[in-house]
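Visitor: Before we start, here is the structure in question, set down as structure tokens.
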Amino acid sequence: MSDKSSSNAMWGGRFASGPDAIMEAINASIDFDKRMARQDIEASRAHAAMLAKQGIITDSDAKAIREGLLTVLSEIENGTFKFSKALEDIHMNVESRLKEIIGEPAGRLHTGRSRNDQVANDFKMWVRDQLDAAIGGIDALTAALLDQAEAGADMVMPGFTHLQVAQPVTWGHHMLAYVEMFARDKSRMQDARKRMNECVLGAAALAGTSFPLDRDMTAEALGFDRPSANSLDSVSDRDFALEFLSAASICATHLSRFAEELVIWSTVQFKFVTLSDRFSTGSSIMPQKKNPDAAELIRAKVARINGSLVGLLTVMKGLPLAYSKDMQEDKEQVFDAADSLMLALAAMAGMVADMTPNKPELEIAAATGFSTATDLADWLVRALNMPFRDAHHVTGTLVKMAEDGNCDLPDLTLAQMQSVCPEITEAVFDVLGVHNSVNSRTSYGGTAPANVRAQIKRWREELG
Ligand code: ARG
């Protein structure tokens, strides 16, 4: 690879020899950036049309370029395209093949353009597509969560803090908690999409160009809101990728938390939920096993996504303006994070749609662990006008009494209760039931079934 004849066709003019094999290995990005082929070709077609409209190239050259690029795209899509490492990246692979197909006009495509604005623009378009896909994935998961919430709007289960029984909640309310989280993820993605939606093409290498480009035309053709305003920033900006990775990391964190709950809930010790066979695996040695592998893998995928975010932040820190080749290390991290997120969202949506909450177990669990102790304290406040701090103390004493007697709060006799607080009446037993407890939590945002139904309605309207 050291004779002049193999020096690069794109910049061979000032080179006496081609690159060392190691140089080629470290330099080439084609193995991964070929994933941006469609965006690259779409952007080049828009650029060519704009060049012709501005009289920078002829209409017939633009036509040849635009048609030739479609041929290249179909070769890539049907798998006949021969990618070359020597041609380094997707941009040069496409242009070189275009030259083979249409000849001389191919060399005019790169007028007023650099790979620096080209790559930033392609990558932005790729990330934009991923944001749209992730938003679709979140919508599908949300729909599954809403169905679960509706079916279990008044199904009771224990609510936990510190993973210790706290107060009864409804299954529907628990599902809706995740709907809230994923809705925030979606809005973060929509927000990022809006901010990134500026077309980079025309920034050229770093300083803009002397050709009379119509950047608005290119921006519009590619679905951008406007062209980016500063050429230096344009070619060196990877905020759009970082924002995608940030939003993806937070979303994956939510997925991971939910996955952890499903892992716990599906154990024989909890038996809160039965996961479908379709999202479980068996053991090669223990015939009784049904493992929640999908949930475990979703729980773990966040590691790759967070890793990608930290990786790209670290690539970008300290980079001087404008483009540096370091930035080629942006893509694999984003590709991997995007793949992981999409898979995790789809697996979670499938698991949620298929899972069955075990109503009897949930109801029994909801009533254990003195879960209605707060209801008792609240009753003392309401019925006996006791200050809450005193009510808390009285209730604590009754809990201790029940614990010592190895029974639950509703199992205490009225006489036992009156031995702690003589004013307590029979009416107290009404508030010790778990259904009564959840029905009473009607404050806005509370777990009452009526609230759950109202929230489901709101979400269904919002999602259309
Ligand atoms: N493959 C490069 C990347 O992914 C394209 C841009 C190269 N630009 C340059 N001036 N060498 O970043």
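Visitor: Would you pick out the residues in region 122-144 that are of a type in the set (D, E) and within 21 Å of K331 (Cα to Cα)?
Guide: If we filter region 122-144 for residues that are of a type in the set (D, E), which is where we start, we get 122, 129, 132, 139.
Hits for region 122-144 are D122, D129, D132.
Visitor: Looking at (1) in contact (Cβ under 8 Å) with a residue 40 or more places away in the chain; (2) open to solvent by 40 Å² or more (accessible area, probe 1.4 Å); (3) touching a helix residue (DSSP H, G or I) at 6+ places or on another chain (Cβ under 8 Å), find the lone condition where P158 falls short.
Guide: Single failed check for P158: (2).
Visitor: So which of A153, A177 ends up being away from the ligand (no atom under 16 Å from the Cβ) and either surrounded by 21 or more Cβ atoms within 10 Å (Cβ to Cβ) or in contact (Cβ under 8 Å) with a residue 40 or more places away in the chain (or both)? Can you show your working first?
Guide: Details: A177 fails: either surrounded by 21 or more Cβ atoms within 10 Å (Cβ to Cβ) or in contact (Cβ under 8 Å) with a residue 40 or more places away in the chain (or both).
Exactly one of A153, A177 is away from the ligand (no atom under 16 Å from the Cβ) and either surrounded by 21 or more Cβ atoms within 10 Å (Cβ to Cβ) or in contact (Cβ under 8 Å) with a residue 40 or more places away in the chain (or both), namely A153.
Visitor: Of the residues that sit in region 274-296 and are part of a helix (DSSP H, G or I) and farther than 27 Å from G159 by Cβ, which one is most open to solvent (accessible area, probe 1.4 Å)? Walk me through it before giving the result.
Guide: Initial filter on region 274-296 (part of a helix (DSSP H, G or I)): 277-279, 293-296.
If we keep only those that are farther than 27 Å from G159 by Cβ too, we end up with 277-278, 293.
Numbers: D277: 117, R278: 176, D293: 51 Å².
The selected residue is R278.
Visitor: While we're here: Name the one entry in K331, K271, K317 that is in contact (Cβ under 8 Å) with a residue 24 or more places away in the chain, surrounded by fewer than 20 Cβ atoms within 10 Å (Cβ to Cβ) and not hydrophobic (A, V, I, L, M, F, W, C). Show your work before the answer.
Guide: Details: K331 fails: surrounded by fewer than 20 Cβ atoms within 10 Å (Cβ to Cβ); K317 fails: in contact (Cβ under 8 Å) with a residue 24 or more places away in the chain.
Of K331, K271, K317, the one residue that is in contact (Cβ under 8 Å) with a residue 24 or more places away in the chain, surrounded by fewer than 20 Cβ atoms within 10 Å (Cβ to Cβ) and not hydrophobic (A, V, I, L, M, F, W, C) is K271.
Visitor: Taking region 209-222 on its own, how many of its residues are more than 16 Å from the ligand (Cβ to nearest atom), open to solvent by 10 Å² or more (accessible area, probe 1.4 Å) and closer than 12 Å to D117 by Cβ?
Guide: Narrowing region 209-222 to residues more than 16 Å from the ligand (Cβ to nearest atom): 210-222.
Next cut, open to solvent by 10 Å² or more (accessible area, probe 1.4 Å) only: 210-217, 220-221.
Applying the additional criterion that residues be closer than 12 Å to D117 by Cβ yields 213, 215.
Within region 209-222, residues that are more than 16 Å from the ligand (Cβ to nearest atom), open to solvent by 10 Å² or more (accessible area, probe 1.4 Å) and closer than 12 Å to D117 by Cβ number 2.
Visitor: Here's another thing I want to ask about it. Evaluate the following for L201: is it under 24 Å from A48 (Cβ atoms), at pLDDT 95 or above and either surrounded by 16 or more Cβ atoms within 10 Å (Cβ to Cβ) or among the basic types (K, R) (or both)? So that I can check it myself, show each step before the final result.
Guide: Values: under 24 Å from A48 (Cβ atoms): yes; at pLDDT 95 or above: yes; either surrounded by 16 or more Cβ atoms within 10 Å (Cβ to Cβ) or among the basic types (K, R) (or both): yes.
When the stated conditions are applied, L201 passes them.
Visitor: Next question. Answer yes if at least one residue in region 130-137 is among the β-branched types (V, I, T), within 30 Å of D89 (Cα to Cα), more than 16 Å from the ligand (Cβ to nearest atom) and under 12 Å from the mean Cα position of the chain (by Cα), and no otherwise. Please lay out each step first, then the result.
Guide: Going through region 130-137, the residues among the β-branched types (V, I, T) turn out to be 135.
Narrowing the set further to residues that are within 30 Å of D89 (Cα to Cα) leaves 135.
The next check asks that each one be more than 16 Å from the ligand (Cβ to nearest atom); those that pass are 135.
Those left that are additionally under 12 Å from the mean Cα position of the chain (by Cα): 135.
Within region 130-137, one or more residues are among the β-branched types (V, I, T), within 30 Å of D89 (Cα to Cα), more than 16 Å from the ligand (Cβ to nearest atom) and under 12 Å from the mean Cα position of the chain (by Cα).
Visitor: What's the number of the only condition in (1) open to solvent by 60 Å² or more (accessible area, probe 1.4 Å); (2) within 16 Å of the ligand (Cβ to nearest atom); (3) in a helix (DSSP H, G or I) that S234 fails to meet?
Guide: Of (1) open to solvent by 60 Å² or more (accessible area, probe 1.4 Å); (2) within 16 Å of the ligand (Cβ to nearest atom); (3) in a helix (DSSP H, G or I), only one is false for S234: (1).
Visitor: Select from region 187-208 the residues that are among the aliphatic types (A, V, I, L, M) and in a loop (DSSP other than H, G, I, E, B) and write down the one among them that is farthest from F244 (Cα to Cα). Before the answer, list the steps.
Guide: Pass one, region 187-208, residues among the aliphatic types (A, V, I, L, M): 189, 192, 196, 200-201, 203-207.
Still in the list and also in a loop (DSSP other than H, G, I, E, B): 200-201, 203-207.
Values: V200: 17, L201: 21, A203: 22, A204: 24, A205: 25, L206: 24, A207: 27 Å.
Filtering region 187-208 for residues that are among the aliphatic types (A, V, I, L, M) and in a loop (DSSP other than H, G, I, E, B), the one farthest from F244 (Cα to Cα) comes out as A207.
Visitor: Now, a different point. Say we look at region 17-33 and pick out the residues that are open to solvent by 80 Å² or more (accessible area, probe 1.4 Å) and either part of a helix (DSSP H, G or I) or touching a residue at least 40 places away in the same chain (Cβ under 8 Å) (or both); which of these is farthest from the ligand (Cβ to nearest atom)?
Guide: Kept after step one, since they are open to solvent by 80 Å² or more (accessible area, probe 1.4 Å), are these residues of region 17-33: 20, 22-23, 26, 31.
Restricting the remaining residues to those that are either part of a helix (DSSP H, G or I) or touching a residue at least 40 places away in the same chain (Cβ under 8 Å) (or both) gives 22-23, 26, 31.
Numbers: I22: 17, M23: 13, I26: 12, D31: 11 Å.
Ranking the candidates gives I22 first.
Visitor: Turning to a different aspect of this structure: Taking region 70-91 on its own, how many of its residues are away from the ligand (no atom under 16 Å from the Cβ), in a helix (DSSP H, G or I), under 22 Å from D31 (Cβ atoms) and not polar (S, T, N, Q)? Full working, then the answer.
Guide: Applying the first criterion (away from the ligand (no atom under 16 Å from the Cβ)) to region 70-91 yields 70-82.
Retained after the next criterion (residues that are in a helix (DSSP H, G or I)): 70-77.
Among the residues that remain, those that are also under 22 Å from D31 (Cβ atoms) are: 72-77.
Then keep just the ones that are not polar (S, T, N, Q); that gives 72-73, 75-77.
Within region 70-91, residues that are away from the ligand (no atom under 16 Å from the Cβ), in a helix (DSSP H, G or I), under 22 Å from D31 (Cβ atoms) and not polar (S, T, N, Q) number 5.
Visitor: Right, another one. On the basis of being part of a loop (DSSP other than H, G, I, E, B), open to solvent by 40 Å² or more (accessible area, probe 1.4 Å) and not hydrophobic (A, V, I, L, M, F, W, C), does N406 make the cut?
Guide: Working: part of a loop (DSSP other than H, G, I, E, B): yes; open to solvent by 40 Å² or more (accessible area, probe 1.4 Å): yes; not hydrophobic (A, V, I, L, M, F, W, C): yes.
When the stated conditions are applied, N406 passes them.
Visitor: State all residues of region 34-58 that are in a helix (DSSP H, G or I), open to solvent by 10 Å² or more (accessible area, probe 1.4 Å) and closer than 12 Å to R108 by Cβ; if no residue qualifies, say none.
Guide: A52, the sole residue that qualifies.
Visitor: Now for a different question. If you take the residues of region 97-128 that are surrounded by fewer than 19 Cβ atoms within 10 Å (Cβ to Cβ) and touching a residue at least 40 places away in the same chain (Cβ under 8 Å), which of them is nearest to the ligand (Cβ to nearest atom)? Steps first, answer last, please.
Guide: Residues of region 97-128 that are surrounded by fewer than 19 Cβ atoms within 10 Å (Cβ to Cβ), as a first pass: 99-101, 103-104, 107-108, 110-111.
Those still in the list that are touching a residue at least 40 places away in the same chain (Cβ under 8 Å) too: 108, 111.
Working: R108: 20, T111: 17 Å.
Among those residues, the one meeting the criterion is T111.
Visitor: Let me ask something else about it. For A353, are the conditions met, namely being in contact (Cβ under 8 Å) with a residue 40 or more places away in the chain and either open to solvent by 40 Å² or more (accessible area, probe 1.4 Å) or touching a His at 6+ places or on another chain (Cβ under 9 Å) (or both)?
Guide: On the way: in contact (Cβ under 8 Å) with a residue 40 or more places away in the chain: yes; either open to solvent by 40 Å² or more (accessible area, probe 1.4 Å) or touching a His at 6+ places or on another chain (Cβ under 9 Å) (or both): yes.
Answer is yes for this residue.
Visitor: State which residue is farthest from T397 (Cα to Cα) when the search covers only region 426-448 and only residues that are in a loop (DSSP other than H, G, I, E, B) and open to solvent by less than 60 Å² (accessible area, probe 1.4 Å).
Guide: As a first pass, look at region 426-448 and keep what is in a loop (DSSP other than H, G, I, E, B): 433, 441-448.
If we keep only those that are open to solvent by less than 60 Å² (accessible area, probe 1.4 Å) too, we end up with 433, 441, 445-448.
Numbers: G433: 19, R441: 24, G445: 30, G446: 27, T447: 27, A448: 28 Å.
Step by step, filter region 426-448, then rank; the result is G445.
The values are calculated or read from the model by the stated rules, or taken from the named source; none is laboratory data. Since this is a predicted model, take the numbers as computed values, not measurements. In this analysis, Cβ positions are derived from the backbone assuming ideal geometry, glycine residues included, and neighbour counts consider all displayed protein chains. Ligands, DNA and RNA are excluded from the accessible area calculation, which covers all protein heavy atoms including side chains. Shrake-Rupley method; radii C 1.70, N 1.55, O 1.52, S 1.80 Å.
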